[in-house]
1. Among the numbered criteria (1) in a helix (DSSP H, G or I); (2) in contact with a Pro (Cβ under 9 Å, 6 or more places away or on another chain), which single criterion is violated by B:PRO279?
2. Test B:PHE233 against the criterion of being surrounded by 24 or more Cβ atoms within 10 Å (Cβ to Cβ), touching a residue at least 40 places away in the same chain (Cβ under 8 Å) and not in a helix (DSSP H, G or I), and give yes or no.
3. From (1) crowded, with 16+ Cβ neighbours inside 10 Å; (2) touching a residue at least 24 places away in the same chain (Cβ under 8 Å); (3) within 8 Å of chain B (Cβ to nearest Cβ), pick out the condition that doesn't hold for A:ILE38.
4. Under 8 Å between Cβ atoms, at least 6 apart or on separate chains: pull out the pairs that start in the stretch B:90-104 with a residue that is free of Cβ contacts under 8 Å to residues at least 24 places away in the same chain and end on any residue that is among the β-branched types (Val, Ile, Thr).
5. Anything in the stretch A:119-151 that is more than 18 Å from the chain's Cα centre (by Cα) and either assigned to a loop (DSSP other than H, G, I, E, B) or more than 18 Å from A:THR62 (Cβ to Cβ) (or both)? List them, or say none.
6. If you check B:THR329, B:THR321, B:THR308, which single one turns out to be part of a helix (DSSP H, G or I), more than 24 Å from the chain's Cα centre (by Cα) and within 22 Å of B:VAL251 (Cα to Cα)?
7. Of everything in the stretch B:335-365, what is farther than 24 Å from B:GLY423 by Cα, in contact (Cβ under 8 Å) with a residue 40 or more places away in the chain and not in a loop (DSSP other than H, G, I, E, B)? Give them in sequence order.
8. Filter the stretch B:179-208 down to the residues that are without any contact (Cβ under 8 Å) to a residue 60 or more places away in the chain and closer than 15 Å to B:ALA294 by Cα, then identify the one that is farthest from the other protein chains (Cβ to nearest Cβ).
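The values are calculated or read from the model by the stated rules, or taken from the named source; none is laboratory data. Remember, it's a predicted structure, so these values are computed and weren't measured experimentally. We place every Cβ from the backbone using ideal geometry, glycine too, and count neighbours over all the protein chains shown.
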Amino acid sequence: MQYLTDVSAHRTSTGLNNRKLLMWAFLGSDVLFFGTLIATHLVYRGKSVSGPAEAILDIPVTSVSTFVLLMSSLAMVLALAAVQKGDISRGRFWLAATALLGMGFIGFQMFEFTEFAHEGLTPRTNLFGSTFLIMTGFHGAHVTVGILWLWSLFFASFNGKVRQDNSLDVEIAGLYWHFVDIVWIVIFGVVYLIGAYGVEETVHAGVGTLSALG
Amino acid sequence: MVANIGTLPRPLAPTGVWAWMTTVDHKKIGVLYGVTAFFFFLLGGLEALFMRVQLATADADIISAGTFNSLFTMHGTTMVFMVVMPAGAAFFNFLIPLMIGARDVAFPRLNALSYWVFLFGALLMNFSFFMNAFPDIGWFGYAPLTAIEYTTSNATDYWVLGLQIMGIGTLAAGFNFVVTILNLRAPGMTLMRMPVFVWMTLIVAFLIIFAFPPLTIALTFLLFDRLFDTNFFLNIGAGSDPLLWQHLFWVFGHPEVYILILPAMGIVSDVLPTFSRKPLFGYSTIVFAGVVIAFLGFGVWAHHMLTTGLGPWANAAFAGTTMTIAIPTGVKIFNWLATLYGGQLHFKTPMLFALGFISMFMLGGLSGMMHAVVPVDTQHQDTYFVVAHFHYVLFGGSIFGLMAGLYYWFPKMTGRMMSESLGKLHFWLMLIGFNLTFMPMHILGVLGMPRRIYTYSEGQGWEALNLLVSFGAVIIALSILVLIINIARSVRQGEIAGDNPWDAATLEWSIPSPPPHYNFAVVPTVRSQYPLWDEEANAVAPPPLPAHEEPQMPSPSYWPIVIAFAITMVGGGLLVWQAHAIAGLTIISSMGLLGMRGIYGWVFEPLEVEEAVHVHH
């Protein structure tokens, strides 16, 4: 990127890499995308007049899928750490693991949506169906983009395109992946737990868990 | 060795249509934005003139009610999204790298993508005219009018998809300029040494990345409601609340107002010092006032909804935040006046437009404050008083500011001066025409004339004022004609400008006009807010240029236009899908694949081709 400056090939005013800063700006914007979706869902919470609503949520199954997605973040961390150390084959293994865990999460979501359809909940059914399915579907689309990205890195690694000196490529994919995970934590807490149990019981259970832990 | 990843050879010719279509040079992209915005300015102006012909006399029967609905919808949508925003983009594309001492933006190909997506989205929306489906729902498209039950033609779908596609380009530009301004500043160009225009662009870029997502989601909801029968805004039986649309739209829509006005404020803040021959008064307060306006801009959206029954507490809160915005705005105006005070004023055309901006914008701001008073707003809601108000801020404000910028930087962009005499004629015609058009609207509004009516009956005391308004509109049109003549003549025969015709102080004036494609032969080192003035005052000779080779710049790429085309045609495919499912799905899937191919082509294409095949200019 010689055109940027004569002084040095990688100098930037803030010291942050351009692409990394771009990803942070994008994620900041994405917060507002999800914020709007979640806010709409909350505004309409409990206002559906017919059809299945919050009670349809299957907390145990979703807890498992949430765990799977969280583990994918762990795999992502290990992938980046390996690439940064120059261990490309180990990095490749963890990239594939991240993508597979992400695919597992998407599998759970497809199962969930199919189950809901069988029980009579589609985006047309009621307010809950519209807001819940568009919101989680939008999140699923984000995960899917991440999976395509991870497999792209995986296959590019066989052509020597994933290296220690450009581990930033993996780091930026990781930023995106972790962000999508974090959004899911918010959705799981605010939409699933509070949706199924209500605010008071969720908070109560949370406090109970924390005090049991120590 | 040509690093040819794509299916076609990399387009490297420096001129010709293909060169413009594949350019990644921020200056060329700026020119493309400017020319496109001007074209839509004429189109949106024509739509306004048609409306004024119809409204010039009572009980006129020149334009049907339905056509009139389309005219005010597309006039508003065009002027906001296809004129003022891209005109601002034209300036910040052309100028930001020059002002911060950079050779291009941080992501040159993303910049090209922004432009092409914007252009194709705008064309898609306007294409509806030829499909007999010109949008007719008002520029803010309130639910439940947008429901499929009430607007059965797919005019609304064109509107939704056009806005959605243009929004992608806007968001990409927002990300690009945040990174460019934060990261690509020349050595010594600290944040508080940046020209105010750069600051305002940075603020606008942040506004874009935080304000556009709610619009994108709202449009997605609306599209799903229309295409897939969901319940977000429309299905009253399901308990939907149409007011949700208003909340989501104005959470975007009010920051959008500042997206439209802040670039003009930046332009004026750079024009005034040059023609007052003294530094801007209160630079840091002007900058922080801009930041405060942007923050507050997210907390005032419901003042567009004071008559929807939100209740006294919400109304009072939003009236309060709205009045608060007057403080930073007033700070700016007093700083501009203090900049003029004691200066050696040179009344060149850019200066005239800047002064026109301050006075006209202030009038618009004052009528805006009137709307913050809830009982007054209740009277003004949906009358011509509101139309008068927002034209004073968007025309008297944004357009006057942009005109100041056009006359000011035209010499830098083309290397030639614009005619001063024609410029002054343009200014005075526009100022007079503008006030004849929009000042009487205040009175019409108070007299009770509702906005958006296609005709009115005699005897309500509205005839004379409406005729005056239409007469004023003709004068504005004349002033634009003068501008066109001025541009057409000056581009070819204007006086040669030289590097710094205005004796201005900022970095863009230190390089030739028009600038070479690499902008700066040597990246400058900046030591003050007004580098060119300070060097003169201290009689510091510029350092001798070290020997250098022509810097290697990013090579042209056809992937941006390919991806933009694919994105737009996916939207087009959705429109086809409504009539022919198979044909629509074929278009959507093939264009989706083309877009994927484009993304991979883009990612694996090197930014610069090897020096050996680089075409020298």
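1. All conditions pass for B:PRO279, except number (1).
2. Answer is yes for this residue.
3. (3)
4. none
5. A:GLU119, A:GLY120, A:LEU121, A:THR122, A:PRO123, A:ARG124, A:THR125, A:ASN126, A:LEU127, A:SER130
6. Only one candidate qualifies: B:THR321.
7. Result: B:ASN335, B:ALA338.
8. B:LEU202
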